[in-house]
1. Which residues, taken from the stretch 107-130, are in contact with a strand residue (DSSP E or B) (Cβ under 8 Å, 6 or more places away or on another chain), open to solvent by less than 30 Å² (accessible area, probe 1.4 Å) and not aliphatic (A, V, I, L, M)?
2. Could you check the stretch 139-216 for strands (runs of 3 or more DSSP E) lying wholly inside it with 2 or more residues that are at pLDDT 95 or above and open to solvent by 20 Å² or more (accessible area, probe 1.4 Å)?
3. Looking for something free of Cβ contacts under 8 Å to residues at least 24 places away in the same chain and touching a Lys or Arg at 6+ places or on another chain (Cβ under 7 Å) - is there at least one such residue anywhere in the stretch 196-203?
4. Kindly indicate whether any position in the stretch 115-127 is farther than 22 Å from residue 214 by Cβ, among the small types (Gly, Ala, Ser) and part of a loop (DSSP other than H, G, I, E, B).
5. Filter the stretch 263-278 for residues that are surrounded by fewer than 21 Cβ atoms within 10 Å (Cβ to Cβ) and among the small types (Gly, Ala, Ser); which is nearest to residue 73 (Cα to Cα)?
6. From the set of residues in the stretch 50-106 that are among the acidic types (Asp, Glu) and open to solvent by 40 Å² or more (accessible area, probe 1.4 Å), which is modelled with the lowest pLDDT?
7. Looking only at the stretch 279-318, count every residue that is open to solvent by less than 60 Å² (accessible area, probe 1.4 Å), closer than 17 Å to residue 150 by Cβ and hydrophobic (A, V, I, L, M, F, W, C) and tell me the total.
8. Among the residues in the stretch 7-27, are any at pLDDT below 95 and closer than 30 Å to residue 175 by Cβ?
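The values are calculated or read from the model by the stated rules, or taken from the named source; none is laboratory data. Quick caveat, the model's predicted, so the values are computed rather than measured. Please note: Cβ atoms are built from the backbone with ideal geometry, for glycine as well, and neighbour counts cover all protein chains shown. What goes into the accessible areas is simple: the full protein's heavy atoms, side chains included, and nothing from ligands, DNA or RNA. Shrake-Rupley method; radii C 1.70, N 1.55, O 1.52, S 1.80 Å.
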Amino acid sequence: MRRRDALAGLVAAGFSAPAIAQGNRKLTMVTDWPEDMPGLISTAHHFARTVGEASKGRITIEVFPANAMVRAFETFDAVSAGVADMYHSYDGYFENRSMALDFYCGVPFGFTADELSAWVRYGGGQELWDELSGQFNIKPFHFLSTGTQMGGWFNHEISSLERFKGLRYRMPGLGGEILRRLGAIVVSLPGGEIAPSLKSGAIDASEWIGPWIDMATGLHQVANYYYYPGFHEPGTAHTLGINRRVWDSFDAGDRRLFETCAAAEYTRSLAEFNANNAISLRKLRDEGKVKIIKFDDAVLKALHEISKGVVAQAGSGDAISKKVYASYQQFRTLIMDWSDISERAYLNSRSLA
């Protein structure tokens, strides 16, 4: 049975309506994360607890890991169809719906976590996102930030662009398209399948997130080379997508509650990832088994040049995609000027000591 047919069947069976009884709400959240994935599924559970406590038990959210209620990578469609009330995922997984979704989760050589938040909150990004995801019956919020990611795990050194040719590489989103243009064979796998695929030789390389989650997934045990920086996702954000009918059924107070709790999770999760990535990176260095290597500047420059065409193509679709791209590019130019004389200048000066 095709994906949409299966989802339609669930809707027809009566799974589309949020549970409402005597003012109480019981909502479902589907995710693309395994139950044992720290940082990702734990953020969904933390959000559910926070909403429950803030509403004094009036709103409860049941969180489903990947493949429990719907299969991995079907979360967006499930919420769009009303099978589930909300999803927590990375919108780049759903670029087959619209490439413009990539602008809200990870753009090669694009925004850092703070810059992305600035664009969405105060640069017009949220309004355009509402229009974009509204086409699919979804109200979106940023929900989690992993911060700057690593460049990925490899079974051999990447000394030049030629080494990408023929490489079986797990990378979703716009970063994956850059690698395709270099001749790589790009695949998309759920997080729980990456380590086994690297170990078996089904793939040659993979990006995931950063030292904390990568080590929890066991990637340091199946690959020897760990590259940085994560040019493909410099400030990765994940989405809380709420079924539009469910969102419209909330009163103003509940809407503010969800908006505020989602914003709090973005800030909290970024701190959690930064702290644990620092601890885990130290462990990797102390163990000394993995070579942690910076991509050569010549490689990064070439990737950056290719990325311009890839990003432009992502924003060349329908009218809303073009508006998202124009807004993104305009704010990128604006914020880079400030970032260069603030954070970049400070970090450079700190390294002088």
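1. Residues satisfying the conditions are 117, 129.
2. Numbers: elements: 152-154, 168-170, 185-187.
By residue number, 185-187.
3. No, that holds for no residue.
4. Of the residues in the stretch 115-127, the ones farther than 22 Å from residue 214 by Cβ are 115, 117-127.
The next check asks that each one be among the small types (Gly, Ala, Ser); those that pass are 117-118, 123-125.
Pick out the ones that are also part of a loop (DSSP other than H, G, I, E, B) and you get 123-124.
Yes, because at least one residue in the stretch 115-127 is farther than 22 Å from residue 214 by Cβ, among the small types (Gly, Ala, Ser) and part of a loop (DSSP other than H, G, I, E, B).
5. 263
6. In the first step, residues of the stretch 50-106 are kept if they are among the acidic types (Asp, Glu); the result is 53, 62, 74, 77, 85, 91, 95, 102.
Subset that is open to solvent by 40 Å² or more (accessible area, probe 1.4 Å): 53, 62, 95.
Working: 53: 98, 62: 98, 95: 95.
Looking at residues that are among the acidic types (Asp, Glu) and open to solvent by 40 Å² or more (accessible area, probe 1.4 Å), I get 95.
7. 9
8. Checking the stretch 7-27: at least one residue is at pLDDT below 95 and closer than 30 Å to residue 175 by Cβ.
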